[in-house]
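First up is the structure itself, then whatever we jot down about it.
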Amino acid sequence: MSALHGLLNADSPIMPYDRRLTDIADAYILRQRIAPNLAGELAAVTHVLAVVEPLYLLALEPVVRRLDSIRLCWISAPRDWHRAARVLDTWGWT
């Protein structure tokens, strides 16, 4: 998920940029942009690793609504790749 590009796939090529969510209004706009695609992406998902700053969780509201069927792990430091790798290791994904 990107403040500039919306919902991205892991293989989506993008150029480096410098734009972050800085207020709640922008987070709600991002949620409206990604919600239609996110709903389809979540259909068969059981685990979600969100490596995002707190405002991005507002945009991930469709995931939060499904916490009864999705295991969500949130890492609030977007550059904490070591912690993300440990989570993926425990899920057997790496």
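Looking across region 62-79 at every residue that is of a type in the set (D, E, K, R) and in a loop (DSSP other than H, G, I, E, B), the one that is nearest to Leu42 (Cα to Cα) is identified as Arg66. One residue stands out among those in region 4-17 that are among the small types (Gly, Ala, Ser) and surrounded by fewer than 12 Cβ atoms within 10 Å (Cβ to Cβ): the one that is modelled with the highest pLDDT, which is Ser12.
Across region 33-45, not a single residue is classified as within 11 Å of the chain's Cα centre (by Cα) and not hydrophobic (A, V, I, L, M, F, W, C). Is it true that some residue in region 5-20 is closer than 21 Å to Ser76 by Cβ and in a helix (DSSP H, G or I)? Checking region 5-20: not a single residue is closer than 21 Å to Ser76 by Cβ and in a helix (DSSP H, G or I). Going through region 58-80 one residue at a time, which ones are closer than 22 Å to Ala3 by Cα and without any contact (Cβ under 8 Å) to a residue 24 or more places away in the chain? Hits for region 58-80 are Val64, Arg65, Arg79.
Suppose the filter is within 23 Å of Ser69 (Cα to Cα), touching a helix residue (DSSP H, G or I) at 6+ places or on another chain (Cβ under 6 Å) and either without any contact (Cβ under 8 Å) to a residue 60 or more places away in the chain or not in a helix (DSSP H, G or I) (or both); does Leu38 pass it? Considered against the rule, which asks whether it is within 23 Å of Ser69 (Cα to Cα), touching a helix residue (DSSP H, G or I) at 6+ places or on another chain (Cβ under 6 Å) and either without any contact (Cβ under 8 Å) to a residue 60 or more places away in the chain or not in a helix (DSSP H, G or I) (or both), Leu38 comes out as yes.
Counting only residues that are assigned to a helix (DSSP H, G or I) and charged (D, E, K, R), region 47-61 holds 1 of them. If only residues of region 12-25 that are within 15 Å of the chain's Cα centre (by Cα) and not hydrophobic (A, V, I, L, M, F, W, C) are counted, the one that is farthest from Arg65 (Cα to Cα) is Ser12.
In the condition set (1) within 18 Å of Gly92 (Cβ to Cβ); (2) assigned to a strand (DSSP E or B); (3) among the aliphatic types (A, V, I, L, M), Ala44 is compliant with all but (2). Can you name the residue in region 18-57 that is in contact with a strand residue (DSSP E or B) (Cβ under 9 Å, 6 or more places away or on another chain) and closer than 13 Å to Gly6 by Cβ and, of all such residues, is surrounded by the fewest Cβ atoms within 10 Å (Cβ to Cβ)? Ranking the candidates gives Arg19 first.
The values are calculated or read from the model by the stated rules, or taken from the named source; none is laboratory data. Everything quoted here is computed from the prediction, not taken from an experiment. Positions of Cβ are generated from backbone atoms using ideal geometry, with glycine treated the same way; all protein chains shown enter the neighbour counts.
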